[in-house]
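Worksheet for the structure shown next.
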Amino acid sequence: MIEISEIYLAKMDNGAHFSYHTEMLTRINANSKVKAKLTSQLSAYQAAIEKEDVALVTSRKSFITDEIATADSQRDALYLGLKNAVKAFLNIPDTTMQEAARILAQLLKDYRIEPAMQLDRQTGLMTNLITDLEGKCSAQVAALSLAPMVAGMKTANEKVRTSLSARTKESSTKETGMMKAARLLVDEYYREIVKYINAYALLEGAADYQVFIDVTNAEIVRYKRQVLKQKAKSNIPGGGENGDEGEPENPFE
């Protein structure tokens, strides 16, 4: 008896899970015999996959991203303005102001902050820089009347920091809610389709289903080995490899 093998879909990450089902759907649509047997099931399966696609995109996109971009642009502009102001004060005739500028210029050089940095890294460095500007270098900042610029930079940087944290929390909530529900529905329809195909192969004979089942099982072996990191035995003659090891798989979970 030939049949589609079991695979524990719940252990796949979101990207692999969506890819597995998309490939399965494509394979069914390309096989006229199998497709004709699964008219209603295929429609439900496709609709569920489309919902998972929406959930996957939603989990990656957040409106908070726009807030982060705005605050990041503001702090970058203020930071570059601060650097330019300090650079200009290096050439001023007033020796006190010139010395203050020299100290601040060295501080900025030591931090080596660039607007193109990864957001979290830049935010951390900017936080430390602002602490120094408001602390050990506060006298120099005051001497050059740069306190308003530092304050603005601090506000924008804090907005980036809190927004990054909020986006992470929001993303986590969406993934455990919307994404989980979408995945469960897709898996449910998938299991139903597998039952139907296996039943037709048993009742009608293997001839019309052999190729489809063999290709599907080869994909299952690939996902077990490459995605789930399991040792999986190929059901195709000459497939080789060791038998399945590790915890038993339950396709109904």
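Computed quantities for the displayed model
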quantity: Loop-resident sites, the stretch 53-153, for trypsin sites (Lys or Arg not before Pro), counting at most 15 other Cβ within 10 Å (DSSP); calculated: 61, 112, 136
quantity: Whether the chain is rounded, prolate or oblate, judged on the alpha carbon gyration tensor where a/c under 1.5 counts as rounded; calculated: prolate
quantity: Distance between modelled label sites at residue 40 and residue 73, nm, 7 Å Cα→Cβ extension; calculated: 5.3 nm
quantity: Cα long-axis angle, helix 210-226 against the chain (0 to 90 degrees, to the nearest 10); calculated: 30 degrees
quantity: Filtered chymotrypsin sites (Phe, Trp or Tyr not before Pro), the stretch 1-97: DSSP coil and at most 11 other beta carbons within 10 Å; calculated: 63
quantity: Computed magnitude of the charge dipole of the stretch 139-217 (debye, nearest 20; Cβ of K, R +1, Cβ of D, E -1); calculated: 820 debye
quantity: C-alpha long axis of helix 119-134 to longest principal axis of the chain, angle in °; calculated: 20 degrees
quantity: Rounded accessible area per residue of the stretch 83-125, 1.4 Å, Å²; calculated: 66 Å²
quantity: Among 182, 104, 91 the positive-end extreme of the charge dipole of the chain (Cβ point charges); calculated: 91
quantity: Electrostatic dipole magnitude of the chain [Cβ: Lys, Arg +1; Asp, Glu -1; Cα centre; debye, to 20]; calculated: 580 debye
quantity: Percent accessible area from carbon and sulfur atoms, the chain, protein chains only, probe 1.4 Å; calculated: 54 percent
quantity: Entries in 87/154; 33/180; 11/231; 35/180 that, when Cα-Cα distance is taken, lie over 24 Å; calculated: 33/180; 35/180
quantity: Accessible heavy-atom area order of 178, 97, highest first, probe of 1.4 Å; calculated: 178, 97
quantity: With all protein chains modelled, accessible area of residue 9 [1.4 Å, Å²]; calculated: 10 Å²
quantity: Rounded D (µm²/s) - the stretch 66-170, Kirkwood Rh over Cα pairs, Stokes-Einstein at 37 °C, 0.692 mPa s; calculated: 233 µm²/s
quantity: Relative counts (whole %) of C-alpha pair distances in the stretch 1-129, using bins that are 5 Å wide; calculated: 2, 8, 11, 12, 10, 7, 6, 6, 6, 6, 6, 5, 5, 4, 3, 2, 1, 0, 0
quantity: Gain upon complete extension [residue 188, residue 222; 0.36 nm per residue less C-alpha separation]; calculated: 10.1 nm
quantity: Relative contact order (%) - the chain, alpha-carbon pairs under 8 angstrom, separation at least six; calculated: 34 percent
quantity: Dipole of the stretch 82-176, positive direction: furthest Cα of 149, 162, 137, with charges on the beta-carbon; calculated: 162
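The values are calculated or read from the model by the stated rules, or taken from the named source; none is laboratory data. The structure displayed is predicted, hence computed values, not measured ones. Note: ideal-geometry Cβ built from the backbone for every residue, glycine included; neighbour counts use all protein chains shown. To get the accessible areas, we keep the full protein, side chains included, count just its heavy atoms, and leave off ligands, DNA and RNA. Shrake-Rupley method; radii C 1.70, N 1.55, O 1.52, S 1.80 Å.
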